[in-house]
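Chemist: Sharing a structure here in structure tokens format.
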């Protein structure tokens with residue numbers, strides 16, 4: 001009995017061990033399921049625009065004074081000659097100007113309008129920065145539920161029309177969707193059409209304009225712009241009806257006259273302010289219309305506000321809004337094709353950043369031009385700003401036509417421009433490093449060198465700089481041989497060998513971490529998954545991460561990381577339909 005009792009637990013333990021061993025060993029001999037892999041070129045992109053570091057700033061001068069002519073200046077006398085030494089305050093030349101105070105005011109107004117456009121563009125960029133790109137979320141079944149308004153209609157005749165159904169245009173979440181031809185202008189006729197398609201009789205309508213590459217039907221929309229149009233009215237007084245009933249009683253007083261047909265306009269005369277000055281006379285001398293206005297002395301005061309007013313449509317105003325995301329599925333998970341991809345958002349941000357950059361440039365140039373115009377209108381003399389030597393002097397007509405300075409006073413100095421560099425790239429910048437300087441007003445290109453790098457970050461970053469990084473100032477010197485103008489804008493670029501190849505960005509969902517290291521499962525030469533560690537940078541937007549080494553656009557990475565995506569698993573190439581659901 002004792003042996004039987006001892007044998008039973010031993011047998012159970014052996015059986016349990018065999019079951020566990022079988023569970024662990026048998027799967028190793030079973031064929032692994034195939035894991036889906038996707039081209040890095042599909043789920044990432046290479047940003048060659050970021051292949052160089054760029055900054056910009058205003059030109060300042062140090063002992064160099066280039067003197068340019070404007071089209072409103074006429075030289076009256078040049079008082080110096082090439083090679084002449086001059087003292088600070090010496091008159092270099094005199095001129096007459098046709099510039100008027102009105103022209104200066106118009107320039108100032110144009111600058112103010114640019115400021116308004118810049119603020120609007122900055123607000124649009126802020127809205128773009130708040131938008132989140134589409135991301136994969138487990139449990140979604142985008143292949144079974146099609147999202148509306150992500151692809152153009154199959155019927156090409158619906159272009160430039162409101163193709164959406166069941167939307168009223170009453171709000172941001174219920175806008176009208178318009179498939180817009182890339183060359184179609186949104187004019188008053190288009191806006192009137194949009195109001196006619198909106199439900200209700202509101203003075204506003206929300207619209208999302210969408211375009212496709214080459215205006216193709218049944219193609220994915222690549223741009224989505226939300227605009228709220230609002231009717232703008234002006235209140236104007238209505239024209240008072242002159243041939244009114246008071247004119248009829250006056251007709252009996254003028255039947256003998258042949259001009260009777262014109263008399264109906266005469267009865268308006270009793271209301272002329274001159275008559276109330278004789279309150280005793282109108283009661284008898286006035287026509288039968290006067291008795292009904294026995295209170296005639298007060299009638300002028302009543303007739304000032306008397307004319308009725310009406311609202312007249314004078315135009316439309318517009319404000320931008322973020323287009324709504326696509327409808328959610330029944331299980332509440334967001335589909336792949338909701339909103340924009342990270343690459344699309346990046347392209348939209350880059351486009352808006354370029355617009356802001358151009359507006360900032362236009363404003364800086366406009367202010368510099370305004371300053372020059374104000375100085376030109378104030379005096380007809382140009383003075384030397386420091387002790388120096390006059391360089392070669394051009395013929396005034398040649399200088400004006402070529403855009404080169406009429407003359408230049410040099411004192412052994414040059415030009416300076418201050419830019420800013422991200423802390424993430426600070427180690428790529430060194431004192432003495434060569435920098436390419438591009439003048440935005442003339443297009444001329446010069447070579448400068450870095451002469452100073454700040455130790456403390458600067459405040460008030462560029463609107464298109466990364467909000468997650470600090471920026472440090474650096475100063476570039478360009479020698480006096482360059483033809484730059486103080487107060488004007490230039491851009492500065494420099495490039496490291498690593499940047500020259502461009503930067504590969506991969507969606508964060510495809511990355512895995514192990515401690516402080518990032519890795520992916522990549523298809524190897526045998527078609528099997530292998531684990532590969534990467535050299536990555538810092539994600540600036542939370543959705544894309546720069547990858548400096550480990551993979552290229554020709555590689556295929558696994559996704560999603562489920563039980564099939566294990567090292568050594570066989571692979572198959574997934575499609576757009578598998579990944580995005582459309």
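Chemist: Among 557, 520, which is the only one that is touching a helix residue (DSSP H, G or I) at 6+ places or on another chain (Cβ under 8 Å), without any contact (Cβ under 8 Å) to a residue 40 or more places away in the chain, buried (at least 20 other Cβ atoms within 10 Å of the Cβ) and assigned to a strand (DSSP E or B)?
Modeler: Values: 557 fails: without any contact (Cβ under 8 Å) to a residue 40 or more places away in the chain.
On inspection, the qualifying residue turns out to be 520.
Chemist: Quick test of your reading of the structure: residue 235 fulfils all but one of (1) modelled with pLDDT of 90 or more; (2) surrounded by fewer than 18 Cβ atoms within 10 Å (Cβ to Cβ); (3) touching a strand residue (DSSP E or B) at 6+ places or on another chain (Cβ under 7 Å). Name the failing condition by number.
Modeler: (1)
Chemist: Starting from residues that are surrounded by 20 or more Cβ atoms within 10 Å (Cβ to Cβ) and at pLDDT 55 or above, keep the ones in region 325-340 and report whichever is nearest to residue 44 (Cα to Cα).
Modeler: Residue satisfying both the conditions and the ranking: 340.
Chemist: Could you count how many residues in region 191-223 are more than 23 Å from the chain's Cα centre (by Cα) and not in a loop (DSSP other than H, G, I, E, B)?
Modeler: Let us first name the residues in region 191-223 that are more than 23 Å from the chain's Cα centre (by Cα), namely 192-204, 216-219.
From what's left, not in a loop (DSSP other than H, G, I, E, B): 192-197, 204.
Here the count works out to 7.
Chemist: Ok, one more. For region 464-485, what are the residues that are more than 17 Å from residue 438 (Cβ to Cβ), assigned to a loop (DSSP other than H, G, I, E, B) and modelled with pLDDT under 90?
Modeler: Once the filter is applied, which keeps residues that are more than 17 Å from residue 438 (Cβ to Cβ), assigned to a loop (DSSP other than H, G, I, E, B) and modelled with pLDDT under 90, region 464-485 yields 464, 465, 466, 467, 468, 469, 470.
Chemist: Out of everything in region 523-536 that is surrounded by 14 or more Cβ atoms within 10 Å (Cβ to Cβ) and under 35 Å from the mean Cα position of the chain (by Cα), what residue ends up being modelled with the highest pLDDT?
Modeler: So, considering only residues that are surrounded by 14 or more Cβ atoms within 10 Å (Cβ to Cβ) and under 35 Å from the mean Cα position of the chain (by Cα), the one modelled with the highest pLDDT is 534.
Chemist: Could you say which residue among 420, 439, 434 is farther than 17 Å from residue 61 by Cα, surrounded by 18 or more Cβ atoms within 10 Å (Cβ to Cβ) and in contact with a strand residue (DSSP E or B) (Cβ under 9 Å, 6 or more places away or on another chain)? So that I can check it myself, show each step before the final result.
Modeler: Details: 439 fails: farther than 17 Å from residue 61 by Cα; 434 fails: surrounded by 18 or more Cβ atoms within 10 Å (Cβ to Cβ).
Testing whether each residue is farther than 17 Å from residue 61 by Cα, surrounded by 18 or more Cβ atoms within 10 Å (Cβ to Cβ) and in contact with a strand residue (DSSP E or B) (Cβ under 9 Å, 6 or more places away or on another chain) leaves just 420.
Chemist: With (1) over 27 Å from the mean Cα position of the chain (by Cα); (2) closer than 30 Å to residue 371 by Cβ; (3) at pLDDT 85 or above as the list, and residue 59 as the residue in question, which single condition is left unmet?
Modeler: Single failed check for residue 59: (1).
Chemist: Among residues belonging to region 560-580 that are assigned to a loop (DSSP other than H, G, I, E, B) and buried (at least 17 other Cβ atoms within 10 Å of the Cβ), point out the one that is modelled with the lowest pLDDT.
Modeler: 565
Chemist: Another one. Report every pair of residues separated by at least 6 positions or lying on different chains whose Cβ atoms are under 9 Å apart, first residue within region 168-190 and over 21 Å from residue 322 (Cα atoms), second surrounded by fewer than 14 Cβ atoms within 10 Å (Cβ to Cβ) and at pLDDT below 90.
Modeler: As it stands, the answer is 188/315, since those pairs meet every condition given.
Chemist: Working only within region 182-194, note down all residues that are in contact with a strand residue (DSSP E or B) (Cβ under 6 Å, 6 or more places away or on another chain) and farther than 14 Å from residue 163 by Cα. First the steps, then the outcome.
Modeler: Our first condition is that a residue be in contact with a strand residue (DSSP E or B) (Cβ under 6 Å, 6 or more places away or on another chain); within region 182-194, this holds for 182, 191, 194.
Within region 182-194, 182, 191 qualify.
Chemist: Please give the number of the condition residue 177 fails out of (1) at pLDDT 90 or above; (2) over 22 Å from residue 204 (Cβ atoms); (3) not in a loop (DSSP other than H, G, I, E, B).
Modeler: The failed condition is (2).
Chemist: I'd like the residue in region 537-552 that is touching a helix residue (DSSP H, G or I) at 6+ places or on another chain (Cβ under 7 Å) and buried (at least 18 other Cβ atoms within 10 Å of the Cβ) and, out of all such residues, is farthest from residue 470 (Cα to Cα).
Modeler: So the residue we want is 551.
The values are calculated or read from the model by the stated rules, or taken from the named source; none is laboratory data. None of the values given here were measured: they were computed from a predicted structure. Note: ideal-geometry Cβ built from the backbone for every residue, glycine included; neighbour counts use all protein chains shown.
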